[in-house]
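Asker: For reference, the structure I am asking about is given below.
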Amino acid sequence: MHYLEPLFNPESVAIVGASHHEGKIGHTVVKNIVESGYKGRIYPVNPKGGEILGLKVYKNIFEIEEKVDVAIIVVPAKVAENIIEDVAKKARYIIVITSGFSEVGNIEGEKKIVEAARKHGARVLGPNVFGIYSAKPPINATFGPSKIKAGNVAVVSQSGALGIAMIGKAAEENMGLSAIVSIGNKADLTEVEILSYLFQDDSTRVVFLYIEGLENGREFLDIIRKRPPNKSIIVLKAGRSKAGARAVASHTGSLAGSDAVFDAAFRQVGILRADGLEDGLNWVTTIALSPPPKGKNVVIVTNGGGLGVIAADACEKYGLHLFDDMEVLRKTFQDVMPEFGSYKNPVDITGQAGGKEYKAALERAFKEPNIHAILALYCDRGDAELEDIKNAFIEVHKKYGDKPALYTIFGGEGATSIITALKREGIPAFSDVEDAVSSLYALYKVNERKDEGELEEIEMDEERIRKIIERAIKEGRRKLLAHEAKAILQAAGVDVPPFYLVRNIEEAVEAANKIGYPVVMKVVSEDIIHKTDVGGVVLNIENEKEAAEAYEAIIENCKRNVPKARIVGIEVTKMLPKGVETIIGATTDASFGKVVMFGLGGIYVEVMKDVTFRVAPVAKKEIRRMVREIESYPILAGVRGEKSKDIEAIIDTIYRIGMLVTKFEEILELDINPLIVYEKGAKVADARMSIKVGK
Ligand code: COA
């Protein structure tokens, strides 16, 4: 038995702050519990005693003779803080409906609630929640609407108001719920534990999760990865807007606005993310009502060419496969086709089609094993056929419900009435064809399982890496010097061309000779960030004479332009030939910890922010998807007859970076910018790295 079973299926509940006054939250909760048909023991608690809705009221929680499974707190925050210790002694789970905690800055009060509960082994849902509904007992321990239809969709919401509105919306959509849980401030129980319960709960098939943020992103991803094959999840995460994104960003830290990372993390584990409430609800209802498709072939059946074309376009946009085997299509539909109809997909049974024609065509579509999903469209002609159409849809759908079929009825009042009737019968029905297609897409997507691939061990000179990091930590340097960052990358097996740190002209010339011309020289100093601007970089050095001159020029420029800068030396390295400039980075995200980033360099990253992320470490299989995800991927794959660049070398570099930052937690941020990619190989031209110094 899951440890949260008593929360979702309690044998007894106490309502602390049960009110005698109708309309107050403490009254509504008792009323909803009673009206939901809850068969367990109900203990209203209120110092005034008496009776509420015919139930005996207990003057304090110790009057209750048993330890209750769930206690619901509906007294004001100050009172809640005072009584929490007593409640924690008498309850296994405590639902704190009360507001006025961390959401308004009362962090101490919230801490007190959780600490008191922990002390006595109780767990807390909330505070700042609307309660819980669970179909199993059944129990409606919320102060929301009293009537909730049981079904197979679980709603988990961080926002209370939205959760309550969802109850109403579910009723309107005729969507049955297995549970609805408000997680509020998530002071103790978070979505992770709630999901772990719902994913093993027999009555739940689809979870609709609304969140605004995550603190334990990795645990969240793990629970999603481990979900059983017959459980689906749709996530609506607020905060897609780019308002907070910086105008020009060219390093991983500023590109990784938390939403970009969320998006990538969701993609990584195969979470379907809804753009808005409307989409989310359409998707969830369709998934809850439809069997998973057995194959990719979609057929559109329509009475209007226009609607058919719109649907076909939408299918293309969402990547759905329109069945195009003409032979099978002809065989299936030809003899149920009116004179001017077309059995090509979209199958057009013409404007004169009535209930009889729809019934015949849909029956054929259901019966043909090569057809795996059906989009039935009807343009309302505003005549008496509507009733027949409705009956045809319901009859055929009920008879053959073994493949997904989604219905769009476009038109006026009549159309709306068919949609309502279909919904009442538990049939996915829409007024907009795009909604139907996007829902079918969601149904396909949600049934796909992602294989992220396996991590493989790689060799790293860990001792060398540790030494560099430790020295910097000892010296209190958050930013590593360029040659240190490069040395770490080299030790991690990344292809860094030879480089030397030199401190005089002789060393500079010797290093340049060793590397082979042309070479580059760059000043190494913690105090100089924009090296080129102060004359700290010389490119394309062709011979010994130029090497000596470059050394002198850099030292002179830096002394003149940044007199106070401490110069550690000059880095001499190979001048790399032209290739495609990419950027690979890593940063530490507040929700997911270490993440890696990939994009093309220059304007692609700075202006277009064409980058992509993954939570590290990432297996190569997933990195391959990541690399293909950027818009500018064709530049790497080879355009206009150019040969493809070495994508495997990019994948290997990202893999190593992911492993490096996972192994060395101290690395907070890292940028290889650029990593120059060739037809064969990819080389680091410049790198920076910052580490955690102190707490
Ligand atoms: N033990 C039990 N009951 C007690 C009590 C105690 N120690 N002290 C007082 N009560 C009783 C009160 O007498 C009252 O009952 P009554 O109406 O019969 O007199 C009842 O508890 C409620 O207390 P009251 O002071 O009237 O509070 P309230 O009903 O005005 O507000 C909350 C209580 C919890 C509803 C309110 O503080 C709150 O947080 N509201 C916001 C809730 C919310 O929006 N949550 C998030 C949703 S997403």
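Asker: Wholly within segment 580-625, which strands (runs of 3 or more DSSP E) include no fewer than the required count, namely at least 1 residues that are open to solvent by 40 Å² or more (accessible area, probe 1.4 Å)? Spell out the reasoning first.
Answerer: Working: elements: 580-589, 593-600, 611-615.
Counting at least 1 such residues, we get 580-589.
Asker: Considering each of Glu212, Glu219, Glu191, Glu278 in turn, give the residue that is surrounded by fewer than 20 Cβ atoms within 10 Å (Cβ to Cβ), within 16 Å of the ligand (Cβ to nearest atom) and either at pLDDT 95 or above or of a type in the set (Asp, Glu) (or both).
Answerer: On inspection, the qualifying residue turns out to be Glu212.
Asker: Name the pairs whose Cβ atoms lie under 9 Å apart, with the first residue in segment 386-412 and on the phi > 0 side of the Ramachandran plot, the second open to solvent by less than 80 Å² (accessible area, probe 1.4 Å), and 6 or more positions between them or separate chains?
Answerer: Gly411/Tyr378; Gly411/Cys379; Gly411/Asp380; Gly411/Gly382; Gly411/Leu386; Gly411/Ile418; Gly411/Ser431
Asker: Right, Gly49: open to solvent by less than 20 Å² (accessible area, probe 1.4 Å) and either within 21 Å of Val181 (Cα to Cα) or within 15 Å of the ligand (Cβ to nearest atom) (or both) or not?
Answerer: Working: open to solvent by less than 20 Å² (accessible area, probe 1.4 Å): yes; either within 21 Å of Val181 (Cα to Cα) or within 15 Å of the ligand (Cβ to nearest atom) (or both): yes.
Yes, satisfied.
Asker: List, please: which pairs have Cβ atoms under 6 Å, are six or more places apart or on different chains, and start with a residue in segment 36-61 that is farther than 19 Å from His21 by Cα and end with one that is open to solvent by 50 Å² or more (accessible area, probe 1.4 Å) and assigned to a loop (DSSP other than H, G, I, E, B)?
Answerer: Gly40/Glu11
Asker: Got at least one residue in segment 300-319 being over 17 Å from Tyr407 (Cα atoms), part of a helix (DSSP H, G or I) and of a type outside the set (Gly, Ala, Ser)?
Answerer: yes
Asker: Go through the residues of segment 380-402 one by one and say whether even a single one is in contact with a Ser or Thr (Cβ under 7 Å, 6 or more places away or on another chain) and surrounded by 16 or more Cβ atoms within 10 Å (Cβ to Cβ). First the steps, then the outcome.
Answerer: Quick first cut of segment 380-402, residues in contact with a Ser or Thr (Cβ under 7 Å, 6 or more places away or on another chain) only: none.
Looking through segment 380-402, none of the residues is in contact with a Ser or Thr (Cβ under 7 Å, 6 or more places away or on another chain) and surrounded by 16 or more Cβ atoms within 10 Å (Cβ to Cβ).
Asker: Oh, and also: Taking the stated definitions as given, is Ala565 free of Cβ contacts under 8 Å to residues at least 60 places away in the same chain, assigned to a helix (DSSP H, G or I) and either open to solvent by less than 50 Å² (accessible area, probe 1.4 Å) or more than 30 Å from Arg267 (Cα to Cα) (or both)?
Answerer: In short, no.
Asker: If a residue must be outside any helix (DSSP H, G or I) and either of a type in the set (A, V, I, L, M) or surrounded by 24 or more Cβ atoms within 10 Å (Cβ to Cβ) (or both), how many such residues does segment 638-670 contain?
Answerer: Summing the residues that are outside any helix (DSSP H, G or I) and either of a type in the set (A, V, I, L, M) or surrounded by 24 or more Cβ atoms within 10 Å (Cβ to Cβ) (or both) in segment 638-670 gives 4.
Asker: Among the candidates Lys531, Lys474, Lys545, which residue alone is open to solvent by less than 60 Å² (accessible area, probe 1.4 Å), without any contact (Cβ under 8 Å) to a residue 12 or more places away in the chain and out of contact with any Phe, Trp or Tyr (no Cβ under 8 Å at 6 or more places or on another chain)?
Answerer: Lys531
Asker: Here's a follow-up. Is there any pair linking a residue in segment 76-94 that is closer than 20 Å to Gly184 by Cα to one that is open to solvent by less than 60 Å² (accessible area, probe 1.4 Å) and polar (S, T, N, Q), with Cβ under 6 Å and at least six apart or on different chains, and which?
Answerer: From segment 76-94, the pairs are Ala77/Thr98; Ala80/Thr98.
Asker: Next question. Among the residues of segment 599-651, count how many are under 15 Å from Pro674 (Cβ atoms), hydrophobic (A, V, I, L, M, F, W, C) and in contact (Cβ under 8 Å) with a residue 60 or more places away in the chain.
Answerer: 4
Asker: For segment 1-34, how many residues are in contact with a Lys or Arg (Cβ under 8 Å, 6 or more places away or on another chain), more than 16 Å from the ligand (Cβ to nearest atom) and over 19 Å from Ile183 (Cα atoms)?
Answerer: Within segment 1-34, residues that are in contact with a Lys or Arg (Cβ under 8 Å, 6 or more places away or on another chain), more than 16 Å from the ligand (Cβ to nearest atom) and over 19 Å from Ile183 (Cα atoms) number 2.
Asker: If I ask for residues that are touching a Ser or Thr at 6+ places or on another chain (Cβ under 8 Å) and closer than 22 Å to Leu221 by Cα, which ones from segment 273-303 would you list?
Answerer: Passing the criteria: Trp283, Ile287.
The values are calculated or read from the model by the stated rules, or taken from the named source; none is laboratory data. Treat the numbers as computed from the prediction; the structure is a model and nothing was measured. Here Cβ is always computed from backbone atoms with ideal geometry, including for glycine, and neighbour counts include all displayed protein chains. Areas reflect the complete protein model, heavy atoms only, side chains present, ligands, DNA and RNA absent. Shrake-Rupley method; radii C 1.70, N 1.55, O 1.52, S 1.80 Å.
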